[in-house]
Amino acid sequence: MILFSGLGSENLANGVASKAIMESGRIEIKKFPDGEFYIRILSDVRGKDCTIIKSTDSNDSLIELFLILDAIKDMGAGRISAIVPYLGYARQDKRFKEGESLSAKTILGLIKKFSDSIMTVNCHFLHSSGESEFQGIKIRNLDAFPLLTNYFMGKLKDPFILAPDKGSIGLAKKTSEIIGCEFDFINKIRISGEDVMMETKEMDLKNRDVIILDDIISTGGTIIQAANFARANKARTVNVGCVHGIFSRGVDKLNSVADEIVCTDTIRRDISRVSVADLIAGELQEQE
Ligand code: R5P
């Protein structure tokens, strides 16, 4: 098995390759002055099973992934597996208004067109780990929340898990059971793609070390409002963990409301203090 990486996922791919003892694929990726990609597969992939690790956190990254997968296929590879640690466009898995594109279906359909299997980490619209099917496409979904829970375990004096919206209640409950502490949620009202507000609610957080967990931080609006809520309710510290750190508005504002923010390396950031390399490597080894 040869393991290739797209831009931005190199560290994670190296971690996976060393843990799962796989050959690292050689690839040349450049950009033309007009922004188009140049991709060249340098390893001999003929008849060999190939895996590519590449998160799709931008439109560019999608094109890059499709070009790599198709080039590997053209070069005569055997089975091709796409590992997309952060799967973009997964927040539009339903048609909320007539005529909307089902982006998750389109993107997954395209990845499937170029590969034989798809693996991802905490896909936004999947609520359990393991094998799932969406619109006739099989997806293996891995869960990185136990890794984030381990990160905070034993670090804080009086932990309290706060779910920043109703969608995270299940996760907050599970995490609180592992850590052995209380949890609660606040109700998020989304005003626009960029702005959210939290419904008022009584919650005694005095001197508690609040942990807010979410799958994705995009603009940071959700976490900022949840952190403000925790502070207003007298939390001692506010600690934030997410699997996918998009941080489309940077982390400065988040840093000003939280004591610590940590994300995994599904998208490589300076605060990627939790790695999903073992999780992915373990899954690959199990499949062998
Ligand atoms: C929403 O359902 C997700 O779980 C996140 O809460 C959301 O994507 C965060 O977005 P933002 O950081 O822009 O508030």
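Somewhere in the range 239-251, is a residue touching a strand residue (DSSP E or B) at 6+ places or on another chain (Cβ under 7 Å), part of a helix (DSSP H, G or I), open to solvent by 30 Å² or more (accessible area, probe 1.4 Å) and not basic (Lys, Arg)?
Restricting attention to the range 239-251, the residues satisfying the condition of being touching a strand residue (DSSP E or B) at 6+ places or on another chain (Cβ under 7 Å) are 239-247, 251.
So of that shortlist, the ones also part of a helix (DSSP H, G or I) come out as none.
The answer is no; no qualifying residue exists.
Here's the yes/no breakdown for (1) away from the ligand (no atom under 16 Å from the Cβ); (2) part of a helix (DSSP H, G or I); (3) open to solvent by less than 30 Å² (accessible area, probe 1.4 Å); (4) more than 28 Å from Lys48 (Cα to Cα):
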position: Leu67; (1), (2), (3), (4): yes, yes, no, no
position: Lys73; (1), (2), (3), (4): yes, yes, no, no
position: Tyr86; (1), (2), (3), (4): no, no, yes, no
position: Ala104; (1), (2), (3), (4): no, yes, yes, yes
position: Lys138; (1), (2), (3), (4): yes, no, no, no
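Could you look through the range 218-254, keep only residues that are more than 22 Å from Val276 (Cα to Cα), aliphatic (A, V, I, L, M) and free of Cβ contacts under 8 Å to residues at least 40 places away in the same chain, and pick out the one that is farthest from the ligand (Cβ to nearest atom)?
The residue in question is Ala232.
Could you say which residue among Asn122, Asn150 is closer than 22 Å to Asp265 by Cα, of a type in the set (S, T, N, Q) and within 14 Å of the ligand (Cβ to nearest atom)?
Details: Asn150 fails: within 14 Å of the ligand (Cβ to nearest atom).
Only one candidate qualifies: Asn122.
The rows are residues; the columns are (1) within 12 Å of the ligand (Cβ to nearest atom); (2) among the β-branched types (Val, Ile, Thr); (3) crowded, with 19+ Cβ neighbours inside 10 Å.
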residue: Ser128; (1), (2), (3): no, no, no
residue: Ser132; (1), (2), (3): no, no, no
residue: Ser176; (1), (2), (3): no, no, yes
residue: Asn187; (1), (2), (3): no, no, no
residue: Thr200; (1), (2), (3): no, yes, no
residue: Asp214; (1), (2), (3): yes, no, yes
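Starting from the range 193-217, keep only residues that are in a loop (DSSP other than H, G, I, E, B), then list their pairs with residues that are within 16 Å of the ligand (Cβ to nearest atom) and open to solvent by 90 Å² or more (accessible area, probe 1.4 Å) whose Cβ atoms are within a distance under 9 Å, requiring at least 6 positions of separation or different chains.
So the pair list comes out as Glu194/Arg249.
The values are calculated or read from the model by the stated rules, or taken from the named source; none is laboratory data. Everything numeric here is computed off the predicted structure, so don't read it as measured data. Positions of Cβ are backbone-derived with ideal geometry, glycine not excepted, and every protein chain shown enters the neighbour counts. Surface areas here come from the heavy atoms of the whole protein model, side chains and all, with no ligands, DNA or RNA. Shrake-Rupley method; radii C 1.70, N 1.55, O 1.52, S 1.80 Å.
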